[in-house]
Amino acid sequence: MLQSAEKVDFHCHSTASDGVLSPAQLLERAIGVGVDCLALTDHDTIAGTRWLVEQGVPESIHLIPGCEISTLWGSREIHIVALGFDLDNPDMLRFLTAQGRARWQRFERIAEKVSRRLPEYSLEQCLEGALGQARQAQEKADPNFVLDDQDIQIGRPHFASWMVQQGLTPDRNAAFDKYLSAKRIGNAKQHWPAMADTVQAILSWGAVPVLAHPGRYRMTGMKLQELIRAFSQAGGLAMEVVGCQQPHGERETMAKYCEKFSLHGSMGSDFHGPWSDYVELGRLGPLPESCTSVTELLLPA
Ligand code: AMP
Ligand code: MN
Ligand code: MN
Ligand code: MN
């Protein structure tokens, strides 16, 4: 199947994390736009993929188990996509349970910081505000897919939606700019595991570690190459080269880095919802010719 896959997407999100389509809606949309090989890579959870598998995935699409894992490289938050593991692998399940706990602690930490910054809101109001946004997003998309509170992966986007709803900022971008981005108080990233340890864990599950959206870390070319070198030396196997809405020349630069650091190239839209014509499942240009596709690493043995 993978050998003949023509339209792939190895990075997207559902209401199991911060996307707006339920896993089933996402799968339906992927099939509708002609994707034949998809990885649903919610932040730090496989709840959406598991649900799809339990419901039964149509033959017209191949679903690769995936997850976008939050990690730290020094003090920077780096996202690593894991592709192609067994959904019942006990080590993977333990790892993601710990990630879920870390995300929950981080959620409480962000809420504390936000309530201190916005004294008109109590800590409980901030907690309930963000959690409510996640719950509502799930219920609105698909009442059949509503997770228990402890299984919801709360992230900064849920705080951003709550801030918009409260009229604190005009939109979610402004909420990130004012409260939630890397240099603002809403960011609390000290809970994630080290990137190198995460790469090793992913390899131990027999899965492929992919460095997510390397062009989006706001690093100089030198720093980015340091990151890619560290990722590769830790055992990383692939890096996202083709995405949506990339600046001119980015994919060629990333393809060059793949060659330099012996990585395969991956492609993913990072689709979170149908609000822009430019970000669509599977709407991805070709990999530059110098790049070997990550699909080669995902071929069944
Ligand atoms: P978290 O799960 O808390 O680490 O949030 C990360 C997610 O926030 C990313 O995957 C994006 O979906 C979203 N995000 C990050 N920066 C921004 C921004 N400036 N504006 C809107 N959404 C953002
Ligand atoms: Mn996201
Ligand atoms: Mn990411
Ligand atoms: Mn993502």
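Does the range 275-296 hold any residues that are within 16 Å of ligand 1 (Cβ to nearest atom) and either modelled with pLDDT under 95 or surrounded by 21 or more Cβ atoms within 10 Å (Cβ to Cβ) (or both), and which are they? W275, S276, Y278, L281 - these are the residues of the range 275-296 that are within 16 Å of ligand 1 (Cβ to nearest atom) and either modelled with pLDDT under 95 or surrounded by 21 or more Cβ atoms within 10 Å (Cβ to Cβ) (or both). Inspection of the range 22-36 identifies no residue that is within 16 Å of ligand 3 (Cβ to nearest atom), hydrophobic (A, V, I, L, M, F, W, C) and assigned to a loop (DSSP other than H, G, I, E, B).
Taking the listed residues F107, F95, F85, the one that is among the aromatic types (F, W, Y) and open to solvent by less than 10 Å² (accessible area, probe 1.4 Å) is F107, with no other qualifying.
Residue by residue, here is whether (1) of a type outside the set (F, W, Y); (2) open to solvent by 10 Å² or more (accessible area, probe 1.4 Å); (3) within 27 Å of L131 (Cβ to Cβ) holds:
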position: V8; (1), (2), (3): yes, yes, no
position: G19; (1), (2), (3): yes, no, yes
position: I31; (1), (2), (3): yes, yes, no
position: V35; (1), (2), (3): yes, no, no
position: T49; (1), (2), (3): yes, no, yes
position: Q55; (1), (2), (3): yes, yes, yes
position: S60; (1), (2), (3): yes, yes, no
position: L63; (1), (2), (3): yes, yes, no
position: I69; (1), (2), (3): yes, no, yes
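Considering only residues that are within 24 Å of G32 (Cβ to Cβ) and either open to solvent by 30 Å² or more (accessible area, probe 1.4 Å) or of a type outside the set (F, W, Y) (or both), look in the range 247-274 and name the one that is farthest from ligand 4 (Cβ to nearest atom). Out of the qualifying residues, it is P274. One residue stands out among those in the range 183-194 that are more than 16 Å from ligand 4 (Cβ to nearest atom) and of a type in the set (A, V, I, L, M, F, W, C): the one that is most open to solvent (accessible area, probe 1.4 Å), which is I185. Taking every residue in the range 58-70 that is part of a strand (DSSP E or B) and pairing it with any residue that is of a type outside the set (D, E, K, R) and more than 16 Å from ligand 4 (Cβ to nearest atom), at least 6 positions away or on another chain, the pairs with Cβ-Cβ distances below 6 Å are H62/M1; H62/C37; L63/V57. When the range 110-129 is limited to residues that are out of contact with any Gly (no Cβ under 9 Å at 6 or more places or on another chain) and open to solvent by 80 Å² or more (accessible area, probe 1.4 Å), the one that is nearest to H43 (Cα to Cα) turns out to be E128. Does R116 fit the bill of being more than 23 Å from V146 (Cβ to Cβ), of a type outside the set (S, T, N, Q) and at pLDDT below 95? Yes; evaluated as a whole, the condition is true for this residue. Residues that are farther than 17 Å from Q200 by Cβ and touching a helix residue (DSSP H, G or I) at 6+ places or on another chain (Cβ under 8 Å) within the range 80-101 comprise D86, L87, G100, listed in sequence order.
Among the residues of the range 37-47, just one is surrounded by 22 or more Cβ atoms within 10 Å (Cβ to Cβ) and more than 16 Å from ligand 1 (Cβ to nearest atom), namely L38. Scanning the range 151-171 for residues that are charged (D, E, K, R) and surrounded by fewer than 18 Cβ atoms within 10 Å (Cβ to Cβ) yields D151, D171. Within the range 141-182, the set of residues being touching a residue at least 60 places away in the same chain (Cβ under 8 Å) and closer than 27 Å to E28 by Cα comprises A141, D142, N144, F145, L147, D151, Q153, G155, P157, H158.
The values are calculated or read from the model by the stated rules, or taken from the named source; none is laboratory data. These numbers were taken from a predicted model, which means no experiment stands behind them. Counting neighbours? That spans all protein chains shown, and the Cβs are built from the backbone with ideal geometry, glycine included. With ligands, DNA and RNA removed, areas are computed over all heavy atoms of the protein, side chains included. Shrake-Rupley method; radii C 1.70, N 1.55, O 1.52, S 1.80 Å.
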